[in-house]
Amino acid sequence: MKIYVSVDMEGISGIVLPEQLRRAEPFYEEGRRLLSQEVKTVVESLVQAGADEIIVKDAHGTGFNLLTETLHPKARYLLGATPIDRRFAGLDATFDGALLIGYHAMWGTSFAVRDHTMTATSWQTVSLNGSAVGEIALDSLLFGLYGVPVLLVSGDDKACVEAQQVLPGVAVYETKVGFGRHAAVIKPPLFVHSESELPRAIFDAIATRREREPLTLKGPYELEIRYASTDVADARYYDGIHAIRRDGQSVVYKENDLLSLLSHM
Ligand SMILES: [Zn+2]
């Protein structure tokens, strides 16, 4: 069984502050440790559940947050920045499923830890064919291009609600309850890693994997991005056909192919 794991940082247990998420910030090393411990639990659980090929993508910021010396030997790890067509390098149609670990709610969600879509500072709303989307939907669609279903999403309670809206019936695991962008009641990492918690959720998700469908969306596609300031919109090129500036902050991209569309991001 082959499983692809995409790991973001904001939804990892114990992470609440921006200082835990950015290089050179005072609590970043703590954030890396929390991330790496959770990834170890995920890989251990997948191995126990019967996975014999696992790729883990570090999907946060620079793509280099995992503490490499602590990585579980049974998986392989995709590190560093990757363009959209290689966001999940090594992924193909032979994978049985994907897990989205440590994810967060889309930009503008109330009481969600670090709610944002793709960038925390320069983008606001992202809509695909008229519906607001966050990273859970965007990444699920990328897995869907290869026919690979998302089996489990973990993060705060708002990310879990969003996951179930995007992927009805998907398994979720809640690591914390958000009470603000930088406030949450957390489950302690030691509790999350205990057998009856995240590992149990992963076993159950693997056991029911054949009930899950890959996420797909029919073209043609229209992606609207509302940038946080006119500067970001000014810096883009518009051909009036595939890239159209709607107003100072909003831009619409149109393509018949989903990957071409997402490459505008
Ligand atoms: Zn992130």
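Straight Cα distances below 17 angstrom link LYS254 to the aspartates and glutamates GLU222, GLU224, ASP239, with same-chain residues fewer than 8 positions distant left out.
With viscosity set to 0.692 mPa s and temperature to 37 °C, compute the Stokes-Einstein D of the stretch 99-248, Rh being the Kirkwood radius across alpha carbon pairs; µm²/s, no decimals. D, rounded to a whole number, is 196 µm²/s. Solvent-free Debye calculation, one equal scatterer per alpha-carbon of the stretch 163-263: log10 I(q)/I(0) at 0.23, 0.25 Å⁻¹ equals -1.11, -1.23.
Near VAL251: Cβ cut-off under 10 Å, other residues only, Lys/Arg at +1 and Asp/Glu at -1. The net charge is +2.
Compute the Rg/Rh shape ratio of the stretch 221-262: radius of gyration over Kirkwood radius, all on alpha-carbon atoms.
0.96
Percent antiparallel among DSSP beta bridges with both residues in the chain, to the nearest 5?
Given both bridge residues lie in the chain, the antiparallel proportion sits at roughly 45 percent.
Listed peptides 228-237, 13-22 appear in the order 13-22, 228-237 once ranked by packing, highest mean of other Cβ atoms within 10 Å at the front. Here the contact order of the stretch 221-262, divided by its residue count and restricted to Cα pairs under 8 Å and six or more residues apart, works out to 47 percent. The alpha carbon radius of gyration of the stretch 1-150, expressed as a multiple of 2.2 N^0.38 Å, is 1.02.
Which value in Å is the Kirkwood Rh of the stretch 1-88 over different Cα pairs?
Result for the stretch 1-88, one decimal place: 13.3 Å.
When only Cα pairs below 8 angstrom with a gap of at least 6 residues are kept, the chain shows a relative contact order of 20 percent. Helix-only arithmetic for the chain: the sum of -39500 (n - 2.57) across DSSP H runs with n ≥ 4, divided by the residue total, places the mean residue ellipticity at 222 nm at -7000 deg cm²/dmol. First select every other residue whose beta carbon is under 15 angstrom from the beta carbon of MET265; then total the charges, Lys and Arg +1, Asp and Glu -1. Computed value for this residue: -2. Nonpolar atom fraction for the stretch 221-262, defined as the carbon and sulfur part of the 1.4 Å probe accessible area, stands at 46 percent. Cα extents for the chain along the principal axes, largest to smallest and rounded to whole angstrom: 53, 41, 31.
The values are calculated or read from the model by the stated rules, or taken from the named source; none is laboratory data. Not measured: the values here are computed from a predicted model. Cβ atoms come from the backbone with ideal geometry, glycine included; neighbour counts cover every protein chain shown. The accessibility values were calculated without ligands, DNA or RNA, using every heavy atom of the protein model including side chains. Shrake-Rupley method; radii C 1.70, N 1.55, O 1.52, S 1.80 Å.
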